[in-house]
Structure formats: C-alpha cells, structure tokens
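Enquirer: Here it is, the structure in full.
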C-alpha cells in the first residue's frame, strides 16, 4: 500500500499524459497545420499576448511533466508562433518546470521501499555518485535520448536537485535554441512553399539546426568515450 501511495503522483502524471495524447491536441499543433494559418495565429497572439504565452508555457509544462515524447512538436510550434528568441525563452521555462514536476514525482516513487537493490543497480548508483556532474550533463546534452526518459533516469539515480535543475536548464535551453529554430524555419519555408516536402529539410534555416543537433550528439558521445577509461 505504501508503494502505491508513493507512486500515485507519478501515475497521475502519466495518466494526464495519456489524456493529453488521446485528445488530439498535439495534432493541431503540427507545424504544417499552424503554417497554413500563420496570419490568424499571429493575430490571435497579438490580440491576447499574455494569455497566449501563458497557455503555451502551461501546455508545454504539462506535456513535459507527463513524459510525452511529442513535446518536441509543441516546441516547434513555439518557434513558429513566437520566433526563435522568445520561443526559446518560453519553452525553457515550461521545459524546466515540467521536468521538475516529473523528477519530484519520480524520485518520490523510486525512493519508497527498504529492500536492498540488486548488485547492478547498486553499482550504477555508485558510478553516478562518483561523477554526478559528468553523467547528468552528458545525459542532458544527448539529443537522441528522450527528455522525459532522462528525467526518470536521473530521478532513479538520485541526482541532487540542484544538479538536476542546472543540467536540465542548461542542456534543455541549448537544445531549445535549435528546436525553436527548426520550428521558425519550418514556418517560413511552409509559408513560401505551401506544403511539406522532403526538399523542405534541405532549406538552410532547417538544415543548420538539424546539423547542430547531430553534431551535439556526436560530441556528447566522444566526451563520454574519452571519460570511460578513467572511470
């Protein structure tokens, strides 16, 4: 009964994510749909500046807190709707706060129980305790790792709260610059071409952020490989 009570906040978040996904709201935020109504979208934002920004941050916070992998679609939409700079700033707040909610719920769920963990689990905990900053930053700067999954892993590894917040804000904001740039670039390219085609990905405003993300993933792997022999 105690384990179920401890897991309840995490289960509620996951259930909220399922409801959000089933609602189809993420489909309406697809860049192709938003790009087709960019003028109306920007008019609504100009008419309700605070409400639109609060609604965006709230939606991204909810998506990230529930661990939905489709939150990147919301970030693309933020870049398209608010531009690279403001989209990144708004997304950074929603991403950090949403990750914090998921982290606290997960750590509370994983912390319940007094049984000795298996040997492999204990070894992973010891390795993380030896190099917490390196592991946390590596995971946050690895673009191919789902953000919600990394949050769960860091909670399971008992990452200190201050380190989690710092790594999440820093790594998340760096990725958000590229993702918001992709969203803004998609909006501009779709406005000119009118439909989503494979050649659209070769546009400089989209290709450059994609290349930067790939380079970031490569650098993270190289750094981790160089650190491995000394661990």
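Enquirer: Please state which of the following conditions residue 162 fails to meet, knowing it meets all the rest: (1) in contact with a helix residue (DSSP H, G or I) (Cβ under 9 Å, 6 or more places away or on another chain); (2) within 21 Å of residue 105 (Cα to Cα); (3) at pLDDT 85 or above.
Expert: Here residue 162 clears every test but (1).
Residue-wise test of (1) under 21 Å from residue 152 (Cβ atoms); (2) in contact (Cβ under 8 Å) with a residue 40 or more places away in the chain.
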position: 25; (1), (2): no, no
position: 41; (1), (2): no, yes
position: 70; (1), (2): yes, yes
position: 78; (1), (2): no, yes
position: 81; (1), (2): no, yes
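Enquirer: Name the residues in segment 12-29 that are exposed (fewer than 11 other Cβ atoms within 10 Å of the Cβ) and not in a helix (DSSP H, G or I), would you?
Expert: 23, 24
Enquirer: Quick check on this structure: which one of 88, 32 is part of a helix (DSSP H, G or I), surrounded by 15 or more Cβ atoms within 10 Å (Cβ to Cβ) and on the phi < 0 side of the Ramachandran plot?
Expert: 88
Enquirer: Return yes or no: is residue 81 over 11 Å from the mean Cα position of the chain (by Cα), more than 17 Å from residue 175 (Cβ to Cβ) and at pLDDT 75 or above?
Expert: Yes.
The values are calculated or read from the model by the stated rules, or taken from the named source; none is laboratory data. None of these values were measured; they are calculated from a predicted model. We place every Cβ from the backbone using ideal geometry, glycine too, and count neighbours over all the protein chains shown.
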